[in-house]
Amino acid sequence: MAEHDSDREGREPDEQGVPFDEDAAWRAIVAGYGQEPPDPPGSKPFKPVKDLPLPEPDADDEGADDSDKQRPARPLGSSVSFAPGVGPRDYTAPEASEDDFDEDDEGHFVPPEPPPLPDADTTAKFAWLGVVGGPVLLLLAVLLGWQMTWWLTTLGVGGFLGGFATLVMRMRTDDDGDDDPGRGAVV
């Protein structure tokens with residue numbers, strides 16, 4: 001019997017046999033709307049801005065008449081202030097000059113001109129035309145409402161598949177360097 005009681009302690013109210021009143025829970029939430037929840041026990045809450053002490057009077061204010069010293073207390077407003085134009089986002093890096101470089105520095109890197117692309121042969125051009133042109137032809141036929149005849153479908157699907165197969169078959173392989181495959185790392 002003691003095993004059953006210890007088992008009931010860690011369960012939710014529904015599991016303990018106590019019915020949960022959802023309407024009462026919602027009424028409590030709505031009644032507490034806009035109110036700040038209490039701080040947990042042992043925590044030290046922050047002071048509101050209106051309770052912060054006023055700044056100390058300046059040394060030159062001490063010689064002033066008593067009417068200035070009897071100013072009404074007013075809140076500080078903010079504990080952090082920056083002067084206009086001063087802050088982390090207003091920093092700009094100085095411009096680099098030739099005097100900044102040592103003898104070891106090479107200066108600004110300018111990459112060389114890339115080599116020209118190799119000329120494509122006629123077979124590769126027609127293969128790319130089939131890979132790109134086949135789906136574009138089918139898309140145009142659907143968008144423009146053309147009737148899907150057998151020759152239009154064959155030209156679109158066949159052009160794509162034929163061009164793709166041609167490009168895959170013409171891919172270069174690096175079999176030239178495999179003189180003795182299967183030996184593992186060569187030291």
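The values are calculated or read from the model by the stated rules, or taken from the named source; none is laboratory data. These figures come from a predicted structure and were not determined experimentally. Reconstructed Cβ throughout: ideal geometry from the backbone, glycine too, with neighbour counts over all protein chains shown. Remember, those area values only see protein heavy atoms, side chains included, never the ligands or the DNA or RNA. Shrake-Rupley method; radii C 1.70, N 1.55, O 1.52, S 1.80 Å.
Pairs, please: C-beta under 7 Å, at least 6 apart or cross-chain, first residue modelled with pLDDT of 70 or more and in the stretch 31-52, second assigned to a loop (DSSP other than H, G, I, E, B)?
D39/P45
When the stretch 119-132 is examined, which residues are found to be open to solvent by 30 Å² or more (accessible area, probe 1.4 Å) and either part of a helix (DSSP H, G or I) or at pLDDT 95 or above (or both)?
Within the stretch 119-132, the subset open to solvent by 30 Å² or more (accessible area, probe 1.4 Å) is 119-123, 125-126, 128-129, 132.
Passing the criteria: T122, T123, K125, F126, W128, L129, V132.
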